[in-house]
C-alpha cells in the first residue's frame, strides 16, 4: 500500500493534476501520503492540513444531519417540502416531454424529504442537459457568492420541476433544499448546526463554509483534455466551477457544495460512517439508520443512473453502472473485479473522492482540486487499494 505514490505520480508528471493527497485505513493500519503542489506555478508543495474545496462531498454530511433529524422525529421521510417551505406551495412541473419551460402544470405530488435524499424530487442542476437546468443557468441559480441559502431556495421555488417527483432519478440541487429545511427545523444557521452535530464531535476543526487564511488552500484548475494540460477553471459559464464558493463569507452556506475541508478532517467523517460513532464511541447516527442510508433505495427502473455535463452527448464509460443510490451515497450493488458489494461513498466536482467498505474494514479519502479531471486517477486509486487488500 505504501507504493501508491509511485502509481499516482504519473498524474503529476503528465500535468493532469497539480497535487494529490490520500489517507487509507485498512483494518488497523493507516497509509497516507501526498505528492505534488499546492500551487504548481509557484512550486509550493502540499502542506500538512492542506485545505480543499470539497464541492459535492458536502452532500453526504448534509444527508447524515437530515437522517439524525429523522431519528429524532423532528422530520419524517414522507414530509412534503412545502410543510417546511410554504414558498413551494404553488410548485409547477413540466408537462411530459415538454420542450418549453412555460409548458407546465401543478405538481401532482409534492417532493418529500425522501425524494430530496434520493434525487428523485424532480429538480435538476445547472450543468445538465435539460431545459430546467438551462433555466437555472439563465437565472444564475447558485452562481452568487454572497446570497443566502434562503434567497437561493426562494428563487428555486419559482422554477418548474423537470418531472413528477418519484418517477425518475436526476442528480440535482435537492440537497440544497434539504439544507434549508435543516436551518428551519433547527432554527439555526447551517454552519452552526453542522458544527454542533458533526464537526465538533468528530474534531473536524478545519471544516467550514469559510476560511480566513488561504495559505493552505490548494488552487483550483481545469484539465483540458485536448491540450492535455491544466488551465484556469473558468472555461465555460455553465460548468459547476462557476458556482459561488467564497473564502471568508461568514454568512455563506449551501447544501450541495460549499464546504472546505482537509483530508484528515474528511477521513474522520468517513471513518464515522463505518460504525455511526466517533472514535470515543459517541453516537452520531444509529447503526440501523446508517445501514438504510448505505443500501440501495431507488427503483431498478432508475438504474443505471448517470451524470454528464450538457456538452457531452454520450459518456465513454458510465462509472456509476455498478452502483445504486442510498440516502446520500452511491452504493455498489453489482459484483465486479475490484470492490466489494456494499462499498459506498461519493465524490466532488474538483476530483475529490472517498469510499467506505464495511465488509473489508476499509476507508479511503482522495483529495485534489481539478475540474473535469482525468477519471483514471480515481480508478487507479480504487484498483490499487483492492488489488492489495485482496492479494
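All of the numbers you see were taken from the coordinates with simple rules; none came from a lab. Just so it is clear, the model here is predicted, and its values are computed rather than measured. Because the Cβ atoms are built from the backbone with ideal geometry, glycine has one as well, and the counts that use them run over all protein chains shown.
A few points about this structure:
- For the residues 304, 60, 80, a GNM of the chain with alpha-carbon springs under 10 Å puts the largest fluctuation on 304.
- The chain: angle of helix 4-13 to the longest principal axis, Cα-based, in degrees nearest 10: 70
- The chain: equivalent-ellipsoid semi-axes (sqrt of 5 x gyration tensor eigenvalues, Cα, Å): 31, 24, 21
- Between 0 and 90 degrees, the angle of helix 59-71 with respect to the longest Cα principal axis of the chain falls at about 60 degrees.
- Mean-square fluctuations from a GNM of the chain, with a 10 angstrom spring cutoff on Cα atoms, peak among 174, 14, 261 at 14.
- With Cα atoms, 0 to 90° folded angle of helix 263-275 axis to the chain main axis: 70
- In percent, rounded to a whole number, the relative contact order of the chain is 23, using alpha-carbon pairs under 8 Å and six or more apart.
- From least to most packed, judged by other beta carbons within 10 angstrom and beginning with the fewest, 367, 110 follow the order 110, 367.
- Residue 196 paired with residue 7, simple spin-label distance in nm, labels 7 Å along Cα-to-beta-carbon: 4.3
- Using every pair of separate Cα atoms, the Kirkwood estimate puts the hydrodynamic radius of the range 248-364 at 15.9 angstrom.
- Per the Cα gyration tensor, the range 216-282 maps to an equivalent ellipsoid with semi-axes of 31, 17, 11 Å, ordered largest to smallest.
- Only Cα sites of the range 69-186 enter the Debye sum here, all with the same form factor; the resulting log10 I(q)/I(0) across q = 0.14, 0.15 1/Å is -0.53, -0.61, listed in q order.
- Ranked list, fewest to most other Cβ atoms within 10 Å of each Cβ, for 112, 66, 368: 112, 66, 368
- Per-residue Cβ neighbour counts within 10 Å put 41, 183 in the sequence 41, 183, beginning with the fewest.
- Summary of the geometry: the range 30-92 and the range 274-327, compared by the centres of their Cα atoms, lie 14 Å apart.
- From helices alone, the chain scores -7000 deg cm²/dmol at 222 nm; the rule is -39500 (n - 2.57) for each run of n ≥ 4 DSSP H residues, then divide by the residue total.
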